[in-house]
Structure formats: C-alpha cells, structure tokens
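First the structure, in the form of structure tokens, and then the observations on it.
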Amino acid sequence: EARSNTAGIHQSDLPLNVDLHWILLRDEGGIREPVVFEEGSEIESGDQLQIRYRISKDAKVFAFLFSNEGGIESLVSEDFMYSGLLHYGPTENGWIEMTAVDRVYTAYFLAGPMLLEENKNEFIENLHELIDQGQVNEFNGLDKQDRLLADFVSRAYESEVSLDIIRGREVVSSTRQEVFVYSDGTRVQSYAEQLNGIPLIIRAVSFRVQ
C-alpha cells in the first residue's frame, strides 16, 4: 500500500507511539560526555542538544526551543515524517549549542496527523505577548505557555481533541539501550522515552542554562 502524506483526521482513533531520545553533550577537556536532561535540569553554557526519535505511524513532527527571553529555535521543522525510521533533530551529526547564560528554555516535541499548520506565526506572536505581559517568567507560568500551544494545535481539528502536554520526570523509558556513534567518534548510550497519545503527542521539558 502506497504511503500518503495526507494524514487526515480519520486517523485520530489510532494511537501514536513515539520513542524519543533527548541527547545532551558537554565538553569535558576535549571529550564530549553525555549529561542528564530532564525537567528542571540546570545545564551549562556550551552544552549541545540533539533529539533522535521514531514514530509508530506516518505523522507530522515539529520540535523547537522557546526561551524566557522570547527566542525560538527549531529542532525539527514542521514536516511529514515516515514511521519506523530513526529521525534526527536538527541533523544526524548536528546540534543546538546552548550559548545563552541564565536563561530558561522549554523544549517542545509535537507529533500527530496535524499540528500548528497555518497557525504557527500567530502562535509565536502570542507566545511573545505572554513574555511581554510578564505572565511567563522563567519557571513561572509554564502552564499558560503549554495551554497556549495546546489551544493553537487544537484549531487544526474539526472535532474536539484531548491535548494533555506531557511534562515531568515520570515518563516511561524503554528497557532497551541504544548506542549512537557520531562522526567524531563520540558514543552515547541512551534509553528512549516511550510516549503515546491519541491522536497526537506533545512533550515538554523546561530547563535552565547557567
């Protein structure tokens, strides 16, 4: 059966499963070492972030970083992805380097039949308004930030969808270890977060760069 990139609302009754790896590396005397990345982590300027993931069915994926200063940086551009393959953000050997100091970021990962679609620019404008109005300040107001994202994503669906954003450290991890080897010889052992949702998944992790 040929795959189609017209993933429609008729798929909404099918569960979506994602294996998601958050990979954070720190330069320790010229050797890059993995660092724990989780909700509330305090990481160092210069640390490098990458994601690797697999989805159980063809879906759109979007992943980005949002800072408490209002900046947005894309990890994965909103696009259609095939199931079963190992995908990377930003690229297989590419990283987002966390250069800012004393700043709180939220990393968002979204996967589903439809995401922000044409509402992305308006969503970003509204995020900036939350910052400007002081409703989001470092770790305060993250629930408003999450709710705004959920509201904008739900606009793409004709019927009401349940959008619970997955936060916190109580996420089930795979019992199967994966080993990733990078072009510079760095080896990382990782256990994927196992996420599931109907019809879509939104995962959020907030952390501080110090």
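A few notes on this one:
- If the condition is being touching a Ser or Thr at 6+ places or on another chain (Cβ under 9 Å), surrounded by 14 or more Cβ atoms within 10 Å (Cβ to Cβ) and within 18 Å of Glu138 (Cβ to Cβ), then region 30-72 contributes Glu39, Ser41, Leu65, Phe66, Ser67, Asn68.
- Filtered by the rule that a residue be within 28 Å of Ser83 (Cβ to Cβ), part of a loop (DSSP other than H, G, I, E, B) and modelled with pLDDT of 95 or more, region 1-57 gives Phe37, Glu38, Glu39, Ser56, Lys57.
- Gly134 vs. criteria under 18 Å from Leu20 (Cα atoms) and of a type outside the set (A, V, I, L, M, F, W, C): no
- Residues of region 177-190 that are touching a residue at least 40 places away in the same chain (Cβ under 8 Å) and out of contact with any Pro (no Cβ under 9 Å at 6 or more places or on another chain): Glu178, Phe180, Tyr182, Ser183, Asp184.
- Condition met for Asn119 (in contact (Cβ under 8 Å) with a residue 12 or more places away in the chain, more than 23 Å from Leu49 (Cβ to Cβ) and surrounded by 15 or more Cβ atoms within 10 Å (Cβ to Cβ)): yes
- Residue in region 104-112 that is open to solvent by 40 Å² or more (accessible area, probe 1.4 Å), under 27 Å from Gly185 (Cα atoms), modelled with pLDDT of 95 or more and assigned to a strand (DSSP E or B) present: no
- As a summary of the residue check, Glu170 satisfies the conditions (1) surrounded by fewer than 18 Cβ atoms within 10 Å (Cβ to Cβ); (2) part of a helix (DSSP H, G or I) except for the one numbered (2).
- Each residue in region 74-89 was checked for being within 17 Å of Leu25 (Cβ to Cβ) and open to solvent by 50 Å² or more (accessible area, probe 1.4 Å), and 1 pass.
- Selection within region 122-146 - of a type in the set (Asp, Glu) and open to solvent by less than 30 Å² (accessible area, probe 1.4 Å): Asp146
- Region 147-167: number of residues that are assigned to a helix (DSSP H, G or I) and open to solvent by less than 20 Å² (accessible area, probe 1.4 Å): 4
- Look at region 148-166: where a residue is more than 16 Å from Ala111 (Cβ to Cβ) and at pLDDT below 90 and a partner is surrounded by 13 or more Cβ atoms within 10 Å (Cβ to Cβ) and not aliphatic (A, V, I, L, M), sitting 6+ places away or on another chain with Cβ atoms under 8 Å, you get Ser159/Ser12; Glu160/Ser154.
- Among the residues of region 173-210, just one is within 14 Å of Tyr108 (Cβ to Cβ), β-branched (Val, Ile, Thr) and either in contact with a helix residue (DSSP H, G or I) (Cβ under 9 Å, 6 or more places away or on another chain) or open to solvent by 80 Å² or more (accessible area, probe 1.4 Å) (or both), namely Ile202.
- Failed item, numbered, when Thr175 is tested on (1) farther than 30 Å from Asp27 by Cα; (2) not hydrophobic (A, V, I, L, M, F, W, C); (3) not in a loop (DSSP other than H, G, I, E, B): (1)
The values are calculated or read from the model by the stated rules, or taken from the named source; none is laboratory data. In this text, all values refer to a predicted model and were calculated from it rather than measured experimentally. Counting neighbours? That spans all protein chains shown, and the Cβs are built from the backbone with ideal geometry, glycine included. Note: accessible area is taken over every heavy atom of the protein model, side chains too, but ligands, DNA and RNA are not part of it. Shrake-Rupley method; radii C 1.70, N 1.55, O 1.52, S 1.80 Å.
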